[in-house]
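See below for the structure under consideration.
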There are 2 protein chains.
Amino acid sequence: MSDINQFIEEAAALVNKELDWLIPAEGQPPRKLRDAMRWSLFAGGKRFRPALMLAAGRAFGAADAKVMRTAAAVEMIHTYSLIHDDLPSMDDDDLRRGRETCHRKYGEATAILAGDALQALAFQTIAEDEQLASDTRIRMISGLGQAAACMVVGQQLDLLAEGQSVDEELVESIHQNKTGALIAFSAEAGAIIAGASDEATASIRQYGKRLGLLFQIVDDILDETEETVSLGKTAGKDAAAEKATFTRIYGIEESWRIARRIAEETTGSIEFLGTDGKILRSMIELVSVRRS
Amino acid sequence: MSDINQFIEEAAALVNKELDWLIPAEGQPPRKLRDAMRWSLFAGGKRFRPALMLAAGRAFGAADAKVMRTAAAVEMIHTYSLIHDDLPSMDDDDLRRGRETCHRKYGEATAILAGDALQALAFQTIAEDEQLASDTRIRMISGLGQAAACMVVGQQLDLLAEGQSVDEELVESIHQNKTGALIAFSAEAGAIIAGASDEATASIRQYGKRLGLLFQIVDDILDETEETVSLGKTAGKDAAAEKATFTRIYGIEESWRIARRIAEETTGSIEFLGTDGKILRSMIELVSVRRS
């Protein structure tokens with residue numbers, strides 16, 4: 001695992017540099033809005049999606065610099081969705097990535113606005129990325145817009161399902177929308193930027209979709225089996241709120257079995273890459289064995 | 001005024017058709033999210049920004065079809081910002097365009113999500129507009145992203161200024177960001193789509209900036225002088241909340257004087273258009289004499 005940990009650290013450093021440049025600590029007022037955006041952006045997130053995009057880009061030979069601006073945009077969308085999902089009227093969470101959520105720290109209005117600003121900036125950032133050809137930027141914005149809309153749909157389904165009886169199909173649909181779409185886009189985007197063939201891009205998208213599902217199943221298991229302190233967010237919260245989770249439908253043991261099966265299928269999606277797929281394969285392992 | 005009223009009706013019909021196609025009443029669940037988006041989108045808004053974009057486009061000879069997709073995207077951004085600005089933690093408003101605000105009708109969580117989805121769809125819509133060349137789409141997304149970020153900044157400044165002492169500069173900055181940026185973009189976008197020269201585009205942007213300022217001054221005056229029923233939103237609310245408004249600084253009479261001066265300057269920005277600027281000139285009048 002040491003290679004992959006090193007890669008994750010490298011990817012995080014690259015995307016952090018981009019984000020710090022895109023949303024600097026000093027600048028035009030209002031200071032409070034900027035602080036709130038940075039509070040959530042630089043809360044020590046793992047930068048899983050940017051790392052995935054970078055890994056997919058490298059697998060097909062893209063220069064890092066061509067990938068990182070879009071990777072930063074993806075992290076902005078991810079962070080905005082966390083800020084909004086944590087709001088009192090949504091999941092009402094006080095803790096995120098080990099510290100106060102944005103609205104606990106800056107108030108609800110500023111948290112909503114910080115999320116809104118991050119979403120706008122994400123699309124603007126890609127539109128103004130001179131490293132990419134116009135057509136590529138447009139594919140990125142179209143795909144990211146679609147993923148961002150899916151995330152909203154997933155969150156709405158998730159809220160509607162609370163306390164309701166849910167079936168396998170609904171849980172999968174919630175997860176595919178809420179987390180799967182952006183993870184799948186991240187993988188796909190790296191391949192597109194690298195100029196991979198349509199066939200290879202479709203395989204990478206399939207890999208991303210499966211990885212996203214795996215990510216979420218493990219998330220559901222961790223929510224029930226780990227402590228708040230190791231998770232960095234409130235543990236046991238989903239079960240308490242009767243959320244639509246894999247563990248609620250299958251139980252923990254069966255959920256692990258499903259996770260292992262999906263991990264194998266995910267590996268299958270990138271078999272064609274051979275040794276070029278080394279990091280992408282390691283990411284599957286990383287998602288499977290994580291503790292937070 | 002009959003020509004301009006007819007034009008406004010025509011523009012509204014064109015953009016409503018686009019919006020109805022882009023976010024149809026029937027489709028994938030969740031129904032509640034779709035209903036909430038349409039509730040606010042089709043609340044009888046005047047479609048001022050799409051009309052402005054269409055007018056600017058026609059002044060330089062753009063085909064309507066090339067303008068309307070971006071115009072719909074602008075209206076999505078405008079509507080999303082109204083939904084979020086009305087939220088309890090922001091301006092806490094119950095009434096908008098003569099009916100219940102989105103969160104009063106669908107709850108706070110769904111209102112936040114409906115706004116979020118509209119923002120994502122706005123950018124996706126432009127990215128996928130095959131009527132426009134890639135480079136034009138990118139200019140549109142960059143400009144719209146910038147305007148959307150400005151709107152958030154304006155709203156944050158507005159909230160921070162409540163009950164504080166404010167000066168002319170701050171009030172102008174709030175308004176330029178909160179409403180001016182999107183209005184200026186709307187005018188500019190029409191010219192860009194039509195392929196106007198850089199010089200002409202800059203003039204149209206200047207026209208849009210001034211028109212936006214005029215729009216806001218009149219808005220502030222109406223808030224103090226009109227009744228709730230004619231406004232379609234709660235009257236007198238800004239004064240009660242000690243908002244940063246022109247009327248609070250200058251009083252009503254002086255605000256009218258300033259409005260007239262800006263109207264003249266706005267007319268000056270499009271003098272170069274001659275008879276081609278007829279509708280753009282009428283829009284200045286329309287903004288000046290409106291009652292809601």
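The values are calculated or read from the model by the stated rules, or taken from the named source; none is laboratory data. Because the structure is a prediction, the values reported are computed rather than measured. Cβ placement follows ideal geometry from the backbone for every residue including glycine, while neighbour counts extend to all protein chains displayed. Please note that ligands, DNA and RNA were not included when accessible areas were found on the heavy atoms of the full protein model with its side chains. Shrake-Rupley method; radii C 1.70, N 1.55, O 1.52, S 1.80 Å.
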As straight-line cross-link partners of B:Lys233, the qualifying lysines (C-alpha separation under 16 Å, not fewer than 8 residues apart within one chain) are B:Lys46, B:Lys105, B:Lys243
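Can you give the mean number of other chain Cβ atoms that lie within 10 Å of the Cβ atoms in peptide A:155-167? Walk me through the numbers on the way to the answer.
Working: counts 8, 13, 4, 1, 7, 7, 1, 0, 0, 0, 0, 0, 0.
What the average comes to for A:155-167 is 3.
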The protein assembly as shown, Kirkwood Rh and Cα Rg, ratio Rg/Rh at 0.98
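Dipole size in debye (nearest 20) for the stretch B:1-149 around its Cα centre, Lys and Arg Cβ +1, Asp and Glu Cβ -1?
The dipole magnitude comes to about 160 debye.
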With a 1.4 Å probe and ligands and nucleic acids left out, the total accessible area lost when B pairs with A, in Å² to the nearest 100, equals 3300 Å²
So, over other residues within a Cβ distance under 12 Å of B:Ala36, counting Lys, Arg +1 and Asp, Glu -1, the net charge is +2
Charge dipole of chain B built from unit charges on the beta carbon (Lys, Arg +1; Asp, Glu -1), centred at mean Cα; most positive-end Cα among B:Leu280, B:Met151, B:Ile249 is B:Leu280
Heavy-atom accessible area of the stretch A:1-52 with neighbours in place, 1.4 angstrom probe: carbon+sulfur share in percent works out to 51 percent
One finds, for B:Arg261 and B:Asp94 with R0 = 51 angstrom and r their Cβ-Cβ distance, a FRET efficiency to the nearest 0.05 of 0.90
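Using a 1.4 angstrom probe, figure out how much accessible area the stretch B:86-129 has per residue, in square angstrom, rounded to the nearest whole.
Numbers: 1250 Å² over 44 residues.
Accessible area per residue: 28 Å².
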Working note, the stretch A:43-127: Cα radius of gyration (Å, one decimal) and Dmax (Å, whole number) are 14.5, 44
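In the stretch B:127-264, carbon and sulfur make up what percent of the accessible area (probe 1.4 Å)?
Working: 2470 of 5600 Å².
So the carbon and sulfur contribution to the accessible surface is 44 percent.
Compute the signed sum of charges (Lys and Arg +1, Asp and Glu -1) over the other residues within less than 9 Å, Cβ to Cβ, of A:Ala25.
Details: positive: A:Arg34, A:Arg38; negative: A:Asp20, A:Glu26, A:Asp35.
Its environment carries a net charge of -1.
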Partner shielding of B:80-88, taken as the mean number of other chain Cβ atoms within 10 Å, equals 2
Dividing the surface of the Cα convex hull of the stretch B:112-205 by four yields a projected area in nm² of 7.2 nm²
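Looking at chain B, do any whole DSSP H helices span at least 20 angstrom along their long axis by alpha carbon and average -1.0 or above on Kyte-Doolittle, and which?
Numbers: long enough: B:2-22 (30 Å, -0.04); B:64-85 (31 Å, 0.15); B:108-127 (29 Å, 1.00); B:134-161 (40 Å, 0.58); B:198-225 (40 Å, -0.21); B:246-269 (28 Å, -0.60).
Membrane-span-like by this criterion, though nothing is claimed about a membrane: B:2-22, B:64-85, B:108-127, B:134-161, B:198-225, B:246-269.
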Taking a probe of 1.4 Å and leaving out DNA, RNA and ligands, the stretch B:182-292 shows per residue an accessible area in Å² of 44 Å²
If unit charges are put on Cβ atoms (+1 for Lys and Arg, -1 for Asp and Glu) and the dipole of chain B is taken about its Cα centre, the option from B:Val289, B:Phe42, B:Ile262 lying farthest towards the positive end turns out to be B:Phe42
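Nearest 0.05, what FRET efficiency do B:Asp20 and A:Glu10 give at R0 = 60 Å with Cβ-Cβ as r?
Numbers: r = 48 Å, r/R0 = 0.80.
The computed FRET efficiency comes out at 0.80.
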Averaged over residues of B:121-131, the number of beta carbons from other chains lying within 10 Å of each residue's Cβ is 5
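For B:Ala239 and B:Val289, FRET efficiency with R0 = 22 Å and r from the beta-carbon atoms, rounded to 0.05?
Working: r = 22 Å, r/R0 = 1.01.
Given R0 = 22 Å and the Cβ-Cβ separation, E is 0.50.
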